[in-house]
Amino acid sequence: MNKKSNKAVLFDLDGTLIDTAPDMISALKNVLKKNNINNQIPDKTLRKYVSDGSIGLINLVFPNENDEEIRRLQSQFLDIYEKNLSNESVIFPHLDELLVFLEDNLYMWGIVTNKPTRMTLQLLKNLGLYCRFVVCGDTLRDRKPNPKPLLIASKLMNIDPMNILYVGDAKRDIEAGKLANMKTVSADYGYIKDEDDPKSWDADINANSPLTLNKIIKKGLI
């Protein structure tokens, strides 16, 4: 497919392009159950930590465990989650329409995530999403907020970083995007903790809903 222009969009995955929180939280609850722990943290709070991945969720509900036990619990979580990647996970509203717009107009788009490759590709397959450019947490030694994953994606696309929008719902996403010299958009509808202030991340644009993000990207590319 020939690209239409020298502009492109890169998305973070969890909390930006796909709402993976329901399946992540379900896996976490299974870990708690297997270890006979009665969790008192509501789903609304757990959801805010999903962008921190498995280790962030495990540390949240097991705050007093040693490193060895945390690794065991994380391994247990990943085993459960990998078997249940897409029971309830869905692309955020209006972003499926956005991806169709990008494809129809021959704009390039990709994903840069800290999620492991095997889970990322399987999740995309399960949801029927085909993405040509995917850089994951284990693609390189370096992960976001290091800009290298974003720069690798720009090389794969053969597009100057200055002409790429990077969208993410975590401070590390915006930091990585800025270090890569990309235009950044904070997905403020994503998994934002109470103590976080997306406006302080110094993103170029803040999107408070998937519909807003849809409009921002279409306007920015036309």
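The values are calculated or read from the model by the stated rules, or taken from the named source; none is laboratory data. Everything quoted here is computed from the prediction, not taken from an experiment. No Cβ is skipped: glycine too gets one built from the backbone with ideal geometry, and neighbour counts run over all protein chains shown. Accessible surface areas use protein heavy atoms only, side chains included; no ligands, DNA or RNA. Shrake-Rupley method; radii C 1.70, N 1.55, O 1.52, S 1.80 Å.
To keep it simple, each residue is scored yes or no on (1) free of Cβ contacts under 8 Å to residues at least 60 places away in the same chain; (2) in a helix (DSSP H, G or I); (3) small (Gly, Ala, Ser); (4) open to solvent by 40 Å² or more (accessible area, probe 1.4 Å).
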site	(1), (2), (3), (4)
LEU28	yes, yes, no, no
VAL31	yes, yes, no, no
GLN40	yes, no, no, yes
THR45	yes, yes, no, yes
ILE58	yes, yes, no, no
GLU68	yes, yes, no, yes
LEU73	yes, yes, no, no
PHE77	yes, yes, no, no
LEU85	no, no, no, no
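You will find that of LEU150, LEU211, the residue that is at negative phi and surrounded by fewer than 21 Cβ atoms within 10 Å (Cβ to Cβ) is LEU211 and no other.
Taken together, the residues in region 112-121 that are open to solvent by less than 60 Å² (accessible area, probe 1.4 Å) and outside any loop (DSSP other than H, G, I, E, B) amount to 4.
Only one of the listed residues (LEU106, LEU165, LEU179, LEU156) is on the phi > 0 side of the Ramachandran plot and either open to solvent by 70 Å² or more (accessible area, probe 1.4 Å) or more than 13 Å from the chain's Cα centre (by Cα) (or both). That residue is LEU106. Counting only residues that are open to solvent by 30 Å² or more (accessible area, probe 1.4 Å) and either farther than 15 Å from ASP12 by Cα or without any contact (Cβ under 8 Å) to a residue 12 or more places away in the chain (or both), region 186-204 holds 9 of them.
Counting residues in region 1-24 that are more than 21 Å from the chain's Cα centre (by Cα), in contact (Cβ under 8 Å) with a residue 24 or more places away in the chain and part of a helix (DSSP H, G or I) gives zero. It is to be established whether one or more residues within region 88-101 are under 27 Å from ILE174 (Cα atoms), aromatic (Phe, Trp, Tyr) and more than 19 Å from the chain's Cα centre (by Cα). Yes: region 88-101 contains one or more residues that are under 27 Å from ILE174 (Cα atoms), aromatic (Phe, Trp, Tyr) and more than 19 Å from the chain's Cα centre (by Cα).
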